[in-house]
Amino acid sequence: TEALNSGLEKTKQGFFSKLTKAVAGRSTIDAEVLDNLEEILVTSDVGVATTLKIIERIEDRVAKDKYLSTNELQQLLREEIQLLLAENNSNDFRNFEYGNHKPYVIMVVGVNGVGKTTTIGKLAHKLKQENLKVVLGAADTFRAAAVDQIKLWGERVGVRVVAQAMGSDPASVAFDTLQSAVANQEDVVIIDTAGRLHNKVGLMNELGKIKKVMERVVPGAPHEILLVLDGSTGQNAFEQCKQFTEATDVNALAITKLDGTAKGGVVIGISDQFKIPVKYIGVGEKINDLQLFDKKEFVNSLFS
Ligand code: GDP
């Protein structure tokens, strides 16, 4: 929780301390307080649609309960934000999901630069710490650097990496990785994919092909299609989420770089708009700077 608190420092300062100013000198939640709140939420990248939803809900409650004091605004906001955040069922890195499937297969998608490789490395580290046997598949075969980076993380963490020559078929890398994971009785497979958003059909076909191969080796795989988004890019993250969810069945989100940004509100907006749980958040560049997202903790840390 301490890491989460410090990881979200900028969001807290940029967002929730403005809240205090918004209500300064006012005792009841009136139209002006709500206008100020709306501006704070929008400028913190919560997104317009989600902001309006929050404001409307608070307006309703103020109307119903008449003189709602500004002292209660924080509590109202906490409750409404928690309601909007999709539930993440995993509360530790050795939870039932990873244990129920062997191997548990994670396909990682997202555009280049968002922190995909770093997230894969950090996640492998967390899982290994839980004594799970992890293998990484370097299926982003379009960039030599991507394969090298995954290998580097593999060495650093101490997990096996399956790679082929650059330019080889990503689906073939996925096939090799899964097959060897089954043979070696490994617990978790994490497959990196190319982050090219050239066009929707191209992306759909590419990811579809990798998925099909996975299903063939491990029925039910991939169990997790994890979209990595850079939390510091605000509205770009929304747009990427839209494109990837249209191209494949994303069922988990990782939002990175929340340590360097005041735009942490993006977590709230994206979770609400796409109804996909934020599963992991990145709060730094180091190996330990990945956390399982806990919505209660998240909201608490925003207001602490
Ligand atoms: P990829 O191209 O998506 O694989 O992106 P990388 O994993 O190579 O990350 C791009 C840059 O973002 C690197 O410099 C990482 O150290 C940095 N990065 C990744 N995650 C985080 C994070 O949670 N916080 C911060 N501050 N930097 C991050």
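What follows is calculated from the coordinates using simple rules that are stated; it is not laboratory data. Computed from a predicted structure; not experimentally measured. Every residue, glycine as well, gets a Cβ built from its backbone with ideal geometry; the counts of neighbours run over all protein chains shown.
Under a model in which nothing but the beta-carbon of Lys, Arg (+1) and Asp, Glu (-1) is charged, the stretch 12-55 shows a dipole of about 220 debye around its Cα centre.
The C-alpha atoms of the chain define a longest principal axis, and helix 73-84 lies at about 30 degrees to it.
Determine the relative contact order of the chain: mean sequence separation of Cα pairs under 8 Å and six or more apart, normalised by residue count, in whole percent.
That works out to 28 percent.
The relative contact order of the stretch 38-172 comes to 15 percent, based on Cα pairs under 8 Å that sit 6 or more residues apart. Output the relative contact order of the stretch 226-293, whole-number percent, from Cα pairs under 8 angstrom with separation of 6+ residues. RCO, the stretch 226-293: 32 percent.
Taking the Cα centre of the stretch 177-304 as reference, the dipole from Cβ charges on Lys and Arg (+1) and Asp and Glu (-1) amounts to some 340 debye. Distance between the 7 Å Cα→Cβ label points at Arg57 and Arg26: 2.0 nm.
To the nearest 10 degrees, how steeply does helix 200-217 sit against the main Cα axis of the chain, on a 0 to 90 scale? Relative to the chain, helix 200-217 is tipped by roughly 60 degrees. Toward the positive end of the charge dipole of the chain, with +1 on the Cβ of Lys and Arg and -1 on the Cβ of Asp and Glu, the farthest Cα among Gly110, Gln235, Gln82 is that of Gly110.
At 222 nm, what helix-only mean residue ellipticity would the chain give, in deg cm²/dmol to the nearest 500, using -39500 (n - 2.57) for each DSSP H run of four or more? For the chain, the value works out to -15500 deg cm²/dmol. Relative to the first principal axis of the alpha-carbon coordinates of the chain, what is the inclination of helix 235-247, with its axis defined by its Cα atoms, in degrees from 0 to 90 and to the nearest 10? Once rounded, the angle reads 50 degrees. When DSSP beta bridges are restricted to pairs lying wholly in the chain, around 15% turn out antiparallel. Ordering 237-250, 183-196, 115-128 by mean Cβ neighbour count within 10 Å, with the highest value first, yields 115-128, 183-196, 237-250. The amide H of Thr256, built 1.01 Å from its N in the peptide plane, has Leu229, Asp230, Gly231, Gly282 as neighbours under 5 Å, considering only residues 5 or more places off or on other chains.
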